[in-house]
Every structure is written in structure tokens, then in C-alpha cells.
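A quick write-up on the structure given underneath.
The values are calculated or read from the model by the stated rules, or taken from the named source; none is laboratory data. Please read these numbers as outputs of a predicted model, since none were measured by experiment. Neighbour counts are summed over all protein chains in view; Cβ atoms, including those assigned to glycine, are modelled from backbone coordinates with ideal geometry. Note: areas computed on protein heavy atoms with side chains; ligands, DNA, RNA excluded. Shrake-Rupley method; radii C 1.70, N 1.55, O 1.52, S 1.80 Å.
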Amino acid sequence: MTILVTGATGTIGRHVVDNLAKRGADVRALVRDPAKAGLPAGVALAQGDLLDVDALRGAFQGASTLFLLNAVVPDEFTQALIALNVAREAGIKRVVYLSVIHSDVYVNVPHFGGKFGVERMIEAMGFEATILRPAYFMSNEMTVKDVVLQHGVYPMPIGARGLAMVDARDLGEVAALELIRRERADGPLPLDRINVVGPETLTGEGVAAIWSEVLGRPVAYGGDDTAGFERNLRQFMPVWMAYDMRLMAERFLTDGMVPEAGDVERLTSLLGRPLRTYRALAAEIATA
């Protein structure tokens, strides 16, 4: 009874693998370079990627549950469909898929629309699946921490509707618990969708206020300039990705990432503890 984890060496995948290993699960990780994986002892490694069909066939052989995580890349949808088809070919019926909250709302945003398509294919292909729909990752703030700490400005154009930002550690633990629940179930479980959110919904002004309190000095919200956001991103990421992120930010402004009733309570019950807060993460960054 083996759980196969894709994206195992990334920000989220590492937390998933760590949580599975702590709970005694039999884990196999799909990695590009086993020598650089750095995963816990006892985790089996399979070399390959989601476009290498032969490697996937070998990695999926004997696995019973799949954690499917795709990076934001131009062929994300193709990668996911290949993985799902090879999984079905290998007899895998149980899947936990990392999608994104409001994938059915932000349909003009490429990496949201692609994930919504994958969700529909998982359902159409008859997998016994949990679809995790996380909100904006708090860990993304590591990319802007220097601007906050050195210039006193919070530069992400997240607007006034609010984002229910989630800590990657909470997401990794929720994913592991769902994988184990499906892996150890006596029979088929119905398809489920879980919004994975943080304990509070934060606006741009609200985030700046938290940073001001944590640092003990004023931090201003940089405003809702999504065009400027795209220009800044183009300095260190591909043009298509910077535009994708701009489209996402525009939907932050119009729609936000707001939980549904009961989301926070469901996650708190599942984890058996409170969800991690943005303030706690800001304090960790400030004292690092």
C-alpha cells in the first residue's frame, strides 16, 4: 500500500512527504534528481517527471494512492492528464489533487483554468478523489519580505476583498491526512472538495497593519497597481508567467479569495488544532 507523491521536493510537496513519513505511511516520491532530493529516511525515490511516460509507468507500478501536484508551467494541463492516464493504467483509483480555491471562478487565469480542467477530468475518469483547493500561500511572502523589511511597503496588490491566506505547513498536513484516509479506507470513498484556507481573510491594508505591529514601525500598503506588479515580476520570471500572475491579481481585486461557511471549522477539526496565522509567519520572517 504505497502513496506516490509528485512534486515531492517543492514547497508543498516536502510538507506532504514529511507528514506522511511521520505517520508511518509507505511513501514513494517522484523526483528529477534523487541525489538532491533531501527527503526523510525511508522514503523511496523514483526518478522522472510528469512528461516522461516510461518513468511514470515505473514509478506508479505498485502504488495505490496518488498525490498529484503540478508546477505552474505552460504544459501543466498536459502533465496532469498524462499522470492521470498512467495512474489509471497502473490501477490507481485513489487520488488527492492539489488544485486552487475558486478554480471555477478565476477561469480566465491560466493556472486556475488549467486546474479546473484537471478537476473535471478527475471526476469524469471516475477516480476516488479529494480535490484540495488552497488559497494564496503565505510562503509567497518570502518573495517580498525584503521590500517590507527594508522599504516599509507591502507590495502585493491583493486588494480589499480579502485573501484567506494559508500556511504551507497546514496545507501539507491536510493533504497527508486525506491521503492516509483514502489509502486506509475499507472501500471506495466519494469525491470530495476541500477549501484549504487560513483562519482570517486579509486585505492589503490589513496585511500592512500586521507588519507594522510586528516590526514596530509603519508599513504601508503599496496599492492595487496590477500593471506595475506585472512589470516587476518580468524582471525574474518568464513573460507568460508574469502575465498569468497579473491576471490572478486582478481577480484578487474583483473577487478575493473568501472561504465558504464552515471552511475554517472543518480544517480546525481535521487538524485537531488552530490554523496558523499570518501574524505568526510575519513574526518568523522578522526574527529570521
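Take the alpha-carbon centre of segment 17-95, take the same for segment 108-155, and report the distance between them in whole Å. Between the Cα centre of segment 17-95 and that of segment 108-155, the gap is 20 Å. The phi torsions of segment 138-154, fed into the Karplus equation with coefficients 6.51, -1.76 and 1.60 and a -60° offset, translate into couplings of 4, 4, 4, 5, 4, 6, 10, 4, 5, 5, 5, 6, 8, 10, x, 10, 8 Hz, rounded to whole numbers, with Gly and Pro shown as x.
Using R0 = 30 Å, the C-beta based FRET efficiency linking A160 and E284 works out to 0.70.
So for segment 91-139, averaging the separation of alpha carbon pairs under 8 Å that are six or more residues apart and normalising by length, what relative contact order in percent results?
After rounding, I find 51 percent.
Checking the a/c ratio against 1.5 first, then a/b against b/c, what shape does the Cα gyration tensor give for segment 219-261? Taking the square roots of the gyration eigenvalues as a ≥ b ≥ c, segment 219-261 is oblate. The value of relative contact order for segment 91-210, using C-alpha pairs under 8 Å at least six residues apart, is 32 percent. The convex hull of the Cα atoms of segment 8-149, projected and averaged over all directions, covers 9.8 nm².
Compute the signed sum of charges (Lys and Arg +1, Asp and Glu -1) over the other residues within less than 14 Å, Cβ to Cβ, of I158. Its environment carries a net charge of -4. Accessible surface comparison of L39, L270, probe 1.4 Å, protein chains only, largest first: the order is L270, L39. Under the rule that an exposed site lies in a DSSP loop and has at most 13 other Cβ atoms within 10 Å, name the longest stretch of the chain with no trypsin sites (Lys or Arg not before Pro) of that kind, not counting the sites themselves. Here the longest segment lacking exposed loop sites spans 33-183. Centre-to-centre, using Cα atoms only, segment 224-288 and segment 184-200 are separated by 22 Å. Under 5 Å between amide hydrogens, built in the peptide plane, is the criterion, and for A29 it picks out V5, A44, L45, A46 among residues at least 5 positions away or on other chains. In order along segment 277-282, phi translates into HN-Hα couplings of 9, 5, 4, 5, 5, 4 Hz, rounded to whole numbers, per the Karplus curve 6.51 cos²θ - 1.76 cosθ + 1.60 with θ = phi - 60° and x for Gly and Pro.
Counting only C-alpha contacts under 8 Å and six or more residues apart, can you give the relative contact order of the chain as a whole percent?
Reported relative contact order: 18 percent.
Estimated translational diffusion coefficient (Stokes-Einstein, Kirkwood radius over Cα pairs, 10 °C, 1.306 mPa s) of the chain: 81 µm² per second.
Within the listed set A160, A220, A35, the Gaussian network model of the chain (springs between alpha-carbon atoms below 10 Å) gives the highest mean-square fluctuation for A35. Highest GNM mean-square fluctuation among T143, T268, T226, for the chain modelled with Cα contacts below 10 Å: T143.
Roughly to the nearest percent, how much of the accessible area of the chain is carbon and sulfur, given a 1.4 Å probe? Whole-percent figure for carbon plus sulfur exposure: 53. Cross-link reach is defined here as a Cα-Cα straight distance under 26 Å, omitting same-chain residues fewer than 8 places apart; for K93 the lysines meeting it are K22, K115. Among residues other than V148 with Cβ under 15 Å from its Cβ, the summed charge is -2 (Lys and Arg +1, Asp and Glu -1).
Put simply, the Cα atoms of segment 79-162 extend 53, 23, 18 Å along their principal axes, the longest span coming first. Computed with a 1.4 Å probe over protein heavy atoms only, the accessible surface of the chain comes to 44 Å² per residue. Between 0 and 90 degrees, the angle of helix 110-124 with respect to the longest Cα principal axis of the chain falls at about 30 degrees.
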